[in-house]
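As structure tokens, the structure follows; a few thoughts come after it.
Every number here is computed from the coordinates shown, using simple stated rules; none is lab data. Remember, predicted model here, so these are calculated numbers, not experimental data. Note that we place each Cβ from the backbone using ideal geometry, even for glycine, and neighbour counts take in every protein chain shown.
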Amino acid sequence: MSDATTSFRETHSEGDIVSKAPSNANTTNSSKKRIKVDACVIGAGSGGLTAAGGLGALGRKVVLVEGGKMGGDCLNYGCVPSKTLIASAKTAHTMRDAARFGITPVEPEVQFLDVIGRVQQVIADLAHHDSEERMKEEFNVDTIRAYARFTGPREVTAGDTVIEAKHFVIATGSSAFVPPIEGLKEAGYLTNESVFEQTFQPRHLIVLGGGPIGMEMAQAHRLLGSKVTVIEKGKIFGKDDPELVAVVRKRLDADGIDILEDFEAKKVAKDGDTFTVTIVHEDGTERTVEGDQLLVAVGRRPNVEGLDLEKAGIEYSPRGIKVDDSLKTTNSRVFAIGDVTGGLQFTHVAGYQGRLAVKNILLKALGGKNKTDHVPWVTYTEPELAHVGLTENQVKERGIKYSVVRAPFHDNDRANAEGETDGLVKVLVGSDGKILGADVVGAHAGEVVQQFALAVANGLKMSAFDKMIAPYPTLGEISKAAADTWSFEKLFTPLNKAAIKALALLD
Ligand SMILES: Cc1cc2nc3c(=O)[nH]c(=O)nc-3n(C[C@H](O)[C@H](O)[C@H](O)COP(=O)(O)OP(=O)(O)OC[C@H]3O[C@@H](n4cnc5c(N)ncnc54)[C@H](O)[C@@H]3O)c2cc1C
Ligand SMILES: NC(=O)c1ccc[n+]([C@@H]2O[C@H](COP(=O)([O-])OP(=O)(O)OC[C@H]3O[C@@H](n4cnc5c(N)ncnc54)[C@H](O)[C@@H]3O)[C@@H](O)[C@H]2O)c1
């Protein structure tokens, strides 16, 4: 696949699942235009753009169908706007926090609407990358702007076009899950689709859910000056290592975010501008939280509604479309990738699966298998929280023998110079020295974890760091420090020490 292709932005009951696809099942197909293509990709988000671009670049006749905005969640309602909002929040924090650098601190005057304006501008600046024009010019991919639904095992209808294709790739992503809480619908709420288009700065933002979306948005709003309360039914950052989560928690507490763990929302009421959320602790105690805005971030649901998957014999559940390890659905001509499969929901995973689907369509059995043991993820709070490979729980569940190596940020010269000493690298090492997984918390953890992402993806051992010279002074040296600690412990066993002593005597 071309480099250009790989450079795409990897790119509501049980509750309400808001289908992005309007139901148009009653329209007949006889009056519609019919086209025949090699491949039809449904959804122009991180996964779909990558798959369509790859197939197009390799000479296939491809049609891409997008019902909403080109670029999907990542560009419009996810990664890009969230990281842009966080950038403004960090700037505000730096101004307040300047005293420790010998600079008079100032309380920033946050122009919230300008902050939101910048968010929308950054989206607009990047939109060309995921545009119909670029798809056509660079990859010879035609785009149809309509919601798609299956009208047969090898046929999709989108707007006034019936598409027959040898292969289909479903990449329709996911939507915010809205839990069935009494009064929530009536009160109204923000999701990831509306939080970046707010028209006023919340005085007190209540965030439902302490996962990555909830925590990134909670800290960003707090640093921009809003009061913030997080209501989490379990523990915040439940998928990450608690030892490292504690480091982020210390900072969130210092920022003044009110975090209520083991609390579930029972009822929401709105009176004028005020939301009152009644919450119940797992021990049964009840209390209320009042605020002027409410963000629902309690997880995602795959966009399977409205696709008429039954007509193509594609099995699915509310948790996603069923795929095998080649990403094939129960219809052997149809692949599914990204959030809609209900697996790890990250842009880089959607991109990875997009490339894999291309390989499997073109090379069939010679393609490749979907693997997740080497997938990294980063949550962009301050400090950042990053992970790659197996988690400690997974290592334990699999009965793998392992040891743990730690290297703290406070021993690193650059971290001290930058005033960023709260952090830790924690590496899980197999008995053969193989790097099984790594967690990093601290400034730029998302960059620091990349050395381990390379190592885990390539099955490298800790000894691979021996030959590496890390430039001084960098945060990357912390990874090398962890490897040095491991090598030192392995090398200087009592037996080896005795041998070295004996050799020294011979000298
Ligand atoms: C607030 C937030 C922050 C995030 N931050 C990060 C981050 O920092 N890093 C990271 O890796 N991930 C992040 N994610 C996750 C990331 O956005 C998703 O994992 C990624 O966008 C999934 O890509 P996808 O291609 O599967 O789906 P999407 O990008 O959502 O694309 C799906 C597309 O399909 C279209 N569609 C749906 N149904 C139909 C239909 N029937 N017909 C035609 N088109 C249809 C939709 O309109 C959409 O454009 C974040 C998510 C959110 C919500
Ligand atoms: N930096 C990143 O890469 C990034 C950022 C944001 C989102 N994402 C992706 O998007 C996905 C979805 O993020 P998310 O934060 O919405 O989901 P999540 O599933 O990761 O977290 C949701 C949280 O809400 C809690 N919860 C569930 N029901 C609740 C209720 N009724 N009341 C209170 N709390 C409740 C859960 O215990 C959980 O901690 C992530 O898993 C991730 O894959 C990635």
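Averaging the Cα positions of each part gives two centres, and for segment 303-377 and segment 249-302 these lie 34 Å apart.
For Cα pairs less than 8 Å apart in space and 6+ apart in sequence, what is the mean separation divided by the residue count of segment 377-494, i.e. the relative contact order in percent?
Relative contact order comes out at 28 percent.
Going by neighbour counts of Cβ atoms within 10 Å, the residues 410, 167 line up, fewest first, as 410, 167. Normalised radius of gyration (Cα atoms, divided by 2.2 N^0.38 Å) for the chain: 1.07.
For every helix of n ≥ 4 consecutive DSSP H residues, a contribution of -39,500 (n - 2.57) applies; sum these over the chain, divide by its total residues, and give [θ] at 222 nm rounded to the nearest 500 deg cm²/dmol. Walk me through the intermediate numbers first.
Values: 15 runs with 162 residues, N = 507.
Mean residue ellipticity, 222 nm, calculated: -9500 deg cm²/dmol.
Counting other Cβ atoms within 10 Å as a rough exposure proxy, the listed residues 439, 339, 241, 466 run 466, 241, 439, 339 from fewest neighbours to most. Placing dummy labels 7 Å off each Cα toward the beta-carbon, the span from residue 114 to residue 501 is 6.9 nm.
Ranked from largest, the principal axis spans of the Cα set of segment 377-494 equal 38, 32, 24 Å. Taking every C-alpha pair closer than 8 Å and separated by at least 6 residues, the mean separation divided by the residue count of segment 184-298 gives a relative contact order of 35 percent.
Straight-line reach from residue 61: taking Cα to Cα under 16 Å and skipping same-chain neighbours fewer than 8 places apart, the lysines in range are 36, 136, 166, 359. Which lysines, if any, have their Cα less than 16 Å from the Cα of residue 270, not counting same-chain residues under 8 positions apart? Residue 270 reaches 185. Taking 20 Å as the limit for the C-alpha separation, the pairs 369/396; 426/490; 371/490 exceed it in the case of 369/396; 371/490.
Sorted ascending by nearby beta carbons within 10 Å, beginning with the fewest, 33, 266, 61 become 33, 266, 61.
Just round it to a whole percent: the fraction of Cα-Cα distances in segment 184-298 exceeding 23 Å. Intermediate results must be reported in sequence, preceding the final value.
Numbers: 1539 of 6555 pairs.
Considering segment 184-298, 23 percent of its Cα-Cα pairs are separated by more than 23 Å.
Taken as Cα centroids, segment 111-141 and segment 205-243 sit 27 Å apart, rounded to the nearest whole angstrom.
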